[in-house]
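The structure appears right after this line, and notes come after that.
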Amino acid sequence: KAGVTQTPRYLIKTRGQQVTLSCSPISGHRSVSWYQQTPGQGLQFLFEYFSETQRNKGNFPGRFSGRQFSNSRSEMNVSTLELGDSALYLCASSSPEGSGANVLTFGAGSRLTVL
Amino acid sequence: DQQVKQNSPSLSVQEGRISILNCDYTNSMFDYFLWYKKYPAEGPTFLISISSIKDKNEDGRFTVFLNKSAKHLSLHIVPSQPGDSAVYFCAATFRGGTSYGKLTFGQGTILTVHP
């Protein structure tokens with residue numbers, strides 16, 4: 001069974017630009033979460049989507065947004081990039097029902113560098 | 001406000017010996033705890049979890065202990081192997097409510113197992 005797939009794996013942008021990252025969850029997983037990992041802050045929760053609806057949101061500015069499609073694939077967008085947005089962006093999926101509800105399966109991440 | 005803390009940034013252990021990774025939390029609402037392992041250029045991989053109704057959970061070489069009164073959990077790896085060398089993250093959440101997809105992570109501990 002395929003894992004969580006994130007694209008692109010690496011990208012470089014300049015300040016002020018915007019970026020869109022994509023995530024395909026494990027087949028059958030309908031919940032998709034996004035995290036930002038930086039050396040100073042560790043893994044920080046961005047938001048979670050289920051059935052095309054954002055159910056939970058972390059403490060990030062409005063420049064960070066996301067969406068989920070009917071096939072559970074998700075995208076996140078960061079507008080007006082700042083140097084501090086340089087990070088590894090991780091997507092995770094889970095099956096919201098039963099014992100696996102809180103066990104997230106992560107993708108390999110998208111490494112964003114902002115110059 | 002760091003609700004989950006891993007106070008040891010790194011740990012070095014000899015192959016075959018026990019590795020003990022520690023984690024403290026401050027939010028008494030957390031009722032489910034997880035450990036993830038992360039290799040460079042990969043996403044975090046789920047290792048083991050424990051519910052707050054238990055004080056111990058074992059899975060092969062990995063055992064997690066939970067001390068609710070001290071708000072402390074630990075991961076024991078016995079015996080340690082060089083392939084266990086990675087960054088280990090402790091995470092916590094509370095089931096149900098509006099915690100969808102949100103895990104609160106510690107900063108991580110770099111484990112190095114020497115042959």
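The values are calculated or read from the model by the stated rules, or taken from the named source; none is laboratory data. Given the structure is predicted, the values throughout are model-derived calculations rather than measurements. In case anyone asks, the SASA skips ligands and DNA or RNA and just uses the protein heavy atoms, side chains included. Shrake-Rupley method; radii C 1.70, N 1.55, O 1.52, S 1.80 Å.
Data table
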read-out	value
Phi to ³J(HN,Hα) by Karplus 6.51 cos²θ - 1.76 cosθ + 1.60 over segment A:42-48, Hz, x for Gly, Pro	x, 8, 10, 6, 9, 6, 9
Apportionment of accessible area to carbon and sulfur, chain A, percent (1.4 Å)	48
A:ASN56 long-range amide H proximity, modeled H, under 5 Å	A:GLU48
Percent RCO, i.e. relative contact order, over segment A:29-115, from Cα pairs under 8 Å lying at least 6 residues apart	29
Accessible-area composition of chain B, carbon plus sulfur, in percent [1.4 Å probe]	50
Diffusion constant of segment B:24-92 at 25 °C, which comes from Stokes-Einstein with the Kirkwood Cα-pair radius and 0.890 mPa s, µm²/s	194
Where B meets A: accessible area buried, both sides, 1.4 Å probe, Å²	1700
Per-residue HN-Hα couplings for segment A:82-93 [Karplus 6.51, -1.76, 1.60; θ = phi - 60°; Hz; x = Gly/Pro]	10, 4, x, 7, 4, 5, 9, 9, 10, 10, 9, 10
The protein assembly as shown - share of DSSP beta bridges that are antiparallel (%, nearest 5)	90
Heavy-atom surface of chain A, accessible at 1.4 Å and reported per residue (Å²)	46
q = 0.18, 0.23, 0.31, 0.33 Å⁻¹, segment B:2-41: log10 I(q)/I(0) [Debye, one scatterer per Cα]	-0.71, -0.98, -1.21, -1.24
Globularity index of segment A:23-88, i.e. its alpha-carbon radius of gyration over 2.2 N^0.38 Å	1.13
Accessible-area value, B:ILE53, 1.4 Å probe, nucleic acids and ligands omitted, Å²	150
Values of log10 I(q)/I(0), in the order q = 0.11 Å⁻¹, for chain B under a Debye, Cα-only, solvent-free model	-0.33
Under the Karplus curve 6.51 cos²θ - 1.76 cosθ + 1.60, θ = phi - 60°, whole-Hz ³J(HN,Hα) for segment A:10-21, x wherever Gly or Pro sits	9, 7, 10, 10, 10, 3, x, 6, 10, 9, 10, 10
Convex hull of the protein assembly as shown built on C-alpha atoms - directionally averaged projected area, nm²	12.6
Approximate shape of chain A as ellipsoid semi-axes (Cα gyration tensor, √5λ), whole Å, largest first	24, 14, 13
Probe 1.4 Å - accessible area at B:HIS76, Å² to nearest ten	40
Length-normalised contact order of chain B in % [C-alpha pairs under 8 Å, at least 6 apart]	37
